[in-house]
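First comes the structure, then the notes that go with it.
Just so it is clear, none of the values below were taken in a lab; they were calculated from the coordinates. Predicted model, so just to flag it, every value in this text is computed and none were measured. Neighbour counts are summed over all protein chains in view; Cβ atoms, including those assigned to glycine, are modelled from backbone coordinates with ideal geometry.
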Amino acid sequence: MSGLITRIKQFTRTPQGQRAIASARRAAADPRKRDQARKLFGRLRGRQ
């Protein structure tokens, strides 16, 4: 599991990772997208 965390950390330091982070932050700031994410996670939790 620690190998996965290391790879994620490395990715976030790359330009592509920085773009992905910026895109996720913009999506998180949008109320409509936030509501979509909340519904998706609610459905995923309901399946377990």
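Helix-only estimate, please: 222 nm mean residue ellipticity of the chain, summing -39500 (n - 2.57) across DSSP H runs of length 4 or more and dividing by its residues, to the nearest 500.
-29000 deg cm²/dmol
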Among the trypsin sites (Lys or Arg not before Pro) within the chain, which fall in a DSSP loop and have no more than 15 other Cβ atoms within 10 Å of their own Cβ? 13
About the Cα centre of the chain, how large is the charge dipole given +1 on each Lys and Arg Cβ and -1 on each Asp and Glu Cβ? Please answer in debye to the nearest 20. 120
Largest first and in whole Å, give the semi-axes of the chain's equivalent ellipsoid, each being the square root of 5 times a Cα gyration tensor eigenvalue. 25, 18, 5
How far, in degrees from 0 to 90, does helix 31-47 lean away from the longest principal axis of the Cα atoms of the chain, to the nearest 10? 80
Find how much the distance from residue 1 to residue 35 grows on full extension, using 0.36 nm per residue of separation minus their present alpha carbon separation; answer in nm with one decimal. 9.2 nm
